[in-house]
1. Restricted to the stretch 130-139, and to residues that are part of a loop (DSSP other than H, G, I, E, B) and in contact with a helix residue (DSSP H, G or I) (Cβ under 6 Å, 6 or more places away or on another chain), which residue is surrounded by the most Cβ atoms within 10 Å (Cβ to Cβ)?
2. Can you name every residue in the stretch 43-68 that is touching a helix residue (DSSP H, G or I) at 6+ places or on another chain (Cβ under 8 Å) and either at pLDDT 75 or above or outside any helix (DSSP H, G or I) (or both)?
3. From 32, 26, grab the single residue that is under 22 Å from residue 136 (Cα atoms) and either modelled with pLDDT of 95 or more or assigned to a loop (DSSP other than H, G, I, E, B) (or both).
4. Name every residue in the stretch 102-120 that is modelled with pLDDT under 95 and part of a loop (DSSP other than H, G, I, E, B), in order of residue number.
5. Give me the residue from the stretch 10-23 that is more than 21 Å from residue 58 (Cα to Cα) and under 14 Å from the mean Cα position of the chain (by Cα) and, out of that set, modelled with the highest pLDDT.
6. Taking the stretch 69-101 as the region of interest, how many residues are touching a residue at least 40 places away in the same chain (Cβ under 8 Å), part of a helix (DSSP H, G or I) and in contact with a helix residue (DSSP H, G or I) (Cβ under 9 Å, 6 or more places away or on another chain)?
7. Please indicate, with yes or no, whether at least one residue in the stretch 159-169 is surrounded by 15 or more Cβ atoms within 10 Å (Cβ to Cβ) and closer than 25 Å to residue 82 by Cβ.
């Protein structure tokens, strides 16, 4: 089995990324999975996407060392300026989270970005070149105090969205705002999305 790393897509542009299947890799009972999971649309619509994302999760679960080695080899060969974790899916468990943190340490010249609803995991040893954005969803409680120093992502439709504070407004395509989630999103700031 081979790790599938995408070289980009229409939303994030030419940014390499890795994804996992939505639902199967997400925290149990996240409400977005049943109501508005944009990644599920691509997963259902495109068989090649489904095959790649399923294969990545199967490789992680079956041989995490091979998963990590293949990603290390790809990053070592390509040295991208930007890398995105999970256009689809989420961090599987703490061991996977530790790999996300570890790759940022190993490749300090790459800026890594990861959105997550895995509120149960520990990201306290996060390197400076990794931005972990805590995704908030209407109706989903999240531990504000635990993630006080992390940037957050809100839907514009969420009444908790801090529109009165300094925030980034996502235009829907990363190139349109010059990749600010990687370069300008600071701890305590928020990025606000329209539902997509």
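The values are calculated or read from the model by the stated rules, or taken from the named source; none is laboratory data. This is a predicted model, so every value here is computed, not measured. Ideal geometry is used to build each Cβ from the backbone, glycine not excepted, and the neighbour counts take in all protein chains shown.
1. If we filter the stretch 130-139 for residues that are part of a loop (DSSP other than H, G, I, E, B), which is where we start, we get 136-139.
From what is left, the residues that are in contact with a helix residue (DSSP H, G or I) (Cβ under 6 Å, 6 or more places away or on another chain) are 137, 139.
Values: 137: 19, 139: 8.
Only one residue tops the list, namely 137.
2. First pass over the stretch 43-68, keeping only residues touching a helix residue (DSSP H, G or I) at 6+ places or on another chain (Cβ under 8 Å): 43-44, 49-50, 53, 56, 59-60, 64, 66-68.
Residues satisfying the conditions are 44, 49, 50, 53, 56, 59, 60, 64, 66, 67, 68.
3. Working: 32 fails: either modelled with pLDDT of 95 or more or assigned to a loop (DSSP other than H, G, I, E, B) (or both).
The conditions single out 26.
4. 117, 118, 119, 120, listed by residue number.
5. Restricting attention to the stretch 10-23, the residues satisfying the condition of being more than 21 Å from residue 58 (Cα to Cα) are 10-15.
Pick out the ones that are also under 14 Å from the mean Cα position of the chain (by Cα) and you get 11-12, 15.
On the way: 11: 74, 12: 74, 15: 90.
By that ranking, first place goes to 15.
6. Pass one, the stretch 69-101, residues touching a residue at least 40 places away in the same chain (Cβ under 8 Å): 70-71, 74, 78, 80, 82-92.
Narrowing further to those that are part of a helix (DSSP H, G or I): 70-71, 74, 78.
If we keep only those that are in contact with a helix residue (DSSP H, G or I) (Cβ under 9 Å, 6 or more places away or on another chain) too, we end up with 70-71.
Here the count works out to 2.
7. Yes: one or more hits.
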